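*Asks:* A single structure is presented below for examination.
The values are calculated or read from the model by the stated rules, or taken from the named source; none is laboratory data. The model shown is predicted, which means the values in this text are computed figures rather than measured ones. Positions of Cβ are generated from backbone atoms using ideal geometry, with glycine treated the same way; all protein chains shown enter the neighbour counts. For accessibility, only protein heavy atoms count, side chains too; no ligands or nucleic acids. Shrake-Rupley method; radii C 1.70, N 1.55, O 1.52, S 1.80 Å.
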Amino acid sequence: MAVVTLSNDELHGELDNSSDNGSDNNFDNIPPRDAYDLKETVSDGRWRGLWRLMTGYRLTYLAAIVSLAFGTAARTASFLLVAYFVDTYLVADEKPFALPLLALAFVLLAAVQGGFTFLSGKLAASTSEGVTRRLRNYMLDQIQRLTFSYHDHMRTGELIQRATSDVDALRRFYAEQAIDTGRIVMLFTINFGALLYINWRLALISVVVIPLILIMSFFFFRKVSEVYERYQEQEAVLSSRLQENLSGVRVVKAFARQPYEEEKFEEANSEMYRRGRRMLMMHSLYWPVSDTLSGFQMLLGFTVGALMAINGTITVGEYLAYASMLIWIIWPIRNLGRLIVQMSTGLVSFGRVAAVISQDRENLDLPGFTPPDHLEGDVEFCNVDFAYDGTDAQVLQGVSFHARPGQRIALLGATGSGKTSLVNLLPRFYEYDGGTILLDGKPLTDYPRGYLRQQIGIVEQEPFLFSRSVRDNITFGVGRAVSQEEVEAAARAAAIHDVIVTKFPDGYNTLVGERGTTLSGGQKQRIAIARTLLKDPRILILDDSMSAVDMETEALIRRALEGLMAGRTTFIIAHRVQSLMSADQILVLQQGRIVQRGTHEELLAQPGMYQSIYAAQTRMESELEKELSHVRPL
């Protein structure tokens with residue numbers, strides 16, 4: 001079972017490992033309580049789950065509650081001391097204690113109350129921050145390890161919402177709501193006990209409306225829980241819309257679609273406003289009713305207490321103490337109702353977080369697996385079928401071919417023909433439904449996913465670069481300390497070293513903008529190639545890696561790829577025939593099936609899709625060259 005003992009290369013993507021000076025930010029020395037498997041918090045009962053989430057911090061939280069009890073007792077003792085002072089020094093003739101001693105007692109009680117209140121708040125904050133820090137780490141690790149199928153169906157904004165807003169709601173639950181509830185219970189128990197000591201009839205009269213306040217609070221608790229859950233769902237929709245808009249801001253600007261995006265955002269924002277207004281209405285209804293009941297109880301208590309003091313049933317000092325304690329019973333109980341209503345938000349957020357935690361992770365390891373001394377890269381597909389989870393449509397049907405070590409296999413076909421789905425089966429991003437895939441003669445499922453992904457390098461059509469230095473991006477995924485000489489050698493092989501040294505202001509330490517927006521398409525692509533070269537994989541996947549660059553850049557990238565592909569089994573996805581002509585075997589896919597296969601010369605000699613695509617692209621390039629030949633230079 002997986003626990004939240006995370007390593008650098010798993011959680012931080014090996015970026016820190018690649019620095020020359022190493023990194024102190026590792027998780028090998030995590031305290032034992034942080035190694036608790038949060039999957040065990042998932043339960044049918046949310047209260048039980050919240051209790052389990054505190055594993056490792058329960059004693060600290062218990063100490064916070066005990067400190068709260070001592071602070072509350074000191075407050076109540078000061079009220080009783082007031083009664084003693086009034087009845088002994090202001091009314092009675094004999095004074096058994098000197099006045100300075102009583103003053104010192106008041107000071108000591110105030111110091112005890114303040115000290116224990118501070119300690120209680122400190123311990124509660126330590127618990128809440130510790131629990132949520134551990135939960136945030138676990139959520140990141142959990143999200144990174146979930147299957148590709150899960151991420152296909154879950155919006156990014158929804159996951160961000162659950163890992164931030166919902167986790168913060170749990171922090172508030174432990175830091176404020178739960179501890180304040182304990183504080184109110186302590187205030188009621190101790191003060192009510194003191195009232196019973198003064199006069200039991202008066203004590204019972206003083207809590208007449210409390211059952212009504214509690215019943216009303218639990219009624220609102222259920223209602224607010226439902227409303228808040230819908231509010232959080234809509235906030236996740238809004239976060240997703242905003243995240244998508246910011247990620248695609250260049251496309252939005254390029255097509256002048258700002259008004260359209262504003263309209264779509266306003267729709268989601270208006271719905272969130274309506275749900276938020278309904279939630280606030282629920283809170284607004286609660287306060288007038290609870291304030292009316294609390295005010296009635298205060299008036300009743302003060303009146304009855306005053307009459308009893310006038311009749312001599314209680315002393316004047318006891319009445320003053322009673323009045324103070326009544327305030328510290330009624331108003332905290334009134335706030336208890338508010339806390340009960342607010343605690344519903346913590347329960348809802350826990351349910352949303354638990355829904356992510358309960359998902360099964362990708363199993364990256366395989367018990368008993370011994371890595372081979374050398375992976376040849378012999379890949380064979382035998383009648384492979386594949387369909388994405390939740391769909392009946394077959395993406396791949398009866399796919400069979402054999403790629404020998406070091407061969408280049410090209411995949412050609414229309415969009416949706418299954419090219420990318422086919423290569424995604426190799427690193428086991430998805431599991432095939434039928435047939436067999438063999439790697440060096442062994443079923444692909446005999447290799448752990450983690451090992452396969454170390455041995456497979458991928459250069460995508462749109463390479464993802466992190467908002468870190470060029471060096472960090474090149475060393476990403478290596479999993480070991482890398483010297484500067486190795487980094488520069490990889491960059492030279494990718495034809496990007498000279499650009500980094502001469503055009504980037506800080507060379508290899510130049511910070512790359514988010515998603516590499518400060519770099520050209522060709523520069524991003526060559527940095528991605530350098531990253532893959534440094535990884536030194538046995539199998540290489542080039543997913544349409546030259547479709548979005550100009551011809552000059554394509555020539556540079558093609559030279560870099562020649563060095564990258566040397567001696568490696570390579571799968572090339574491309575839409576331009578010129579990118580596939582040197583392949584040892586070209587597979588033409590249509591609707592998930594291989595309809596043609598062979599070398600470039602063999603496929604040109606036979607009628608079919610490949611011949612048609614080649615003729616069309618050749619004709620378009622000839623026409624373009626003719627048009628350009630008639631253009632006069634300025």
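*Asks:* What's the total number of residues in segment 386-408 that are surrounded by 15 or more Cβ atoms within 10 Å (Cβ to Cβ), farther than 15 Å from Ser149 by Cα and not β-branched (Val, Ile, Thr)?
*Replies:* Qualifying residue count for the region: 10.
*Asks:* Does Met139 satisfy the criteria of being touching a strand residue (DSSP E or B) at 6+ places or on another chain (Cβ under 9 Å), more than 30 Å from Val316 (Cα to Cα) and surrounded by 15 or more Cβ atoms within 10 Å (Cβ to Cβ)?
*Replies:* Criteria not met by Met139.
*Asks:* Looking only at segment 371-392, which residues are β-branched (Val, Ile, Thr) and within 16 Å of Thr445 (Cβ to Cβ)?
*Replies:* Val379, Val384
*Asks:* Regarding segment 477-493, can at least one residue be identified that is outside any strand (DSSP E or B), open to solvent by less than 20 Å² (accessible area, probe 1.4 Å) and touching a residue at least 60 places away in the same chain (Cβ under 8 Å)?
*Replies:* yes
*Asks:* Which one of these is small (Gly, Ala, Ser), at pLDDT below 90 and open to solvent by less than 50 Å² (accessible area, probe 1.4 Å): Ala63, Ala98, Ala83?
*Replies:* Answer to the check: Ala83.
*Asks:* Can you name every one of the strands (runs of 3 or more DSSP E) wholly within segment 358-414 that holds 2 or more residues which are touching a residue at least 12 places away in the same chain (Cβ under 8 Å) and polar (S, T, N, Q)?
*Replies:* Counting at least 2 such residues, we get 396-403.
*Asks:* Condition check: at pLDDT below 90, closer than 21 Å to Ala194 by Cα, open to solvent by 60 Å² or more (accessible area, probe 1.4 Å) and not assigned by TED's automatic domain parsing to the domain that holds Gly305. Does Phe106 satisfy that?
*Replies:* yes
*Asks:* So is Asp93 over 30 Å from Val131 (Cβ atoms) and either modelled with pLDDT of 75 or more or not β-branched (Val, Ile, Thr) (or both) or not?
*Replies:* Spelling it out, Asp93 is indeed over 30 Å from Val131 (Cβ atoms) and either modelled with pLDDT of 75 or more or not β-branched (Val, Ile, Thr) (or both).
*Asks:* To continue, here is another question. So Leu426 ticks every box in (1) assigned to a loop (DSSP other than H, G, I, E, B); (2) open to solvent by less than 60 Å² (accessible area, probe 1.4 Å); (3) in contact with an Asp or Glu (Cβ under 6 Å, 6 or more places away or on another chain) but one. Which box is left unticked?
*Replies:* The number of the failed condition is (3).
*Asks:* Kindly evaluate Arg538 against the criterion of being among the basic types (Lys, Arg), within 27 Å of Pro427 (Cβ to Cβ) and modelled with pLDDT of 85 or more.
*Replies:* Answer is yes for this residue.
*Asks:* Oh, and also: What residue, of Tyr174, Tyr197, is of a type in the set (Ser, Thr, Tyr) and closer than 24 Å to Leu53 by Cβ?
*Replies:* Tyr174
*Asks:* Just for segment 416-433: of the residues that are aromatic (Phe, Trp, Tyr) and in contact (Cβ under 8 Å) with a residue 60 or more places away in the chain, which one is nearest to Val384 (Cα to Cα)?
*Replies:* Checking each candidate, the answer is Tyr430.
*Asks:* Considering only segment 192-257, give the helices (runs of 4 or more DSSP H) lying wholly within it that have at least 1 residues that are open to solvent by less than 70 Å² (accessible area, probe 1.4 Å), at pLDDT below 85 and touching a helix residue (DSSP H, G or I) at 6+ places or on another chain (Cβ under 7 Å).
*Replies:* Filter on segment 192-257 gives 210-247, 249-254.
*Asks:* Sticking with this one: Can you give me the number of residues within segment 457-476 that are open to solvent by 30 Å² or more (accessible area, probe 1.4 Å), touching a strand residue (DSSP E or B) at 6+ places or on another chain (Cβ under 6 Å) and not in a loop (DSSP other than H, G, I, E, B)?
*Replies:* 1
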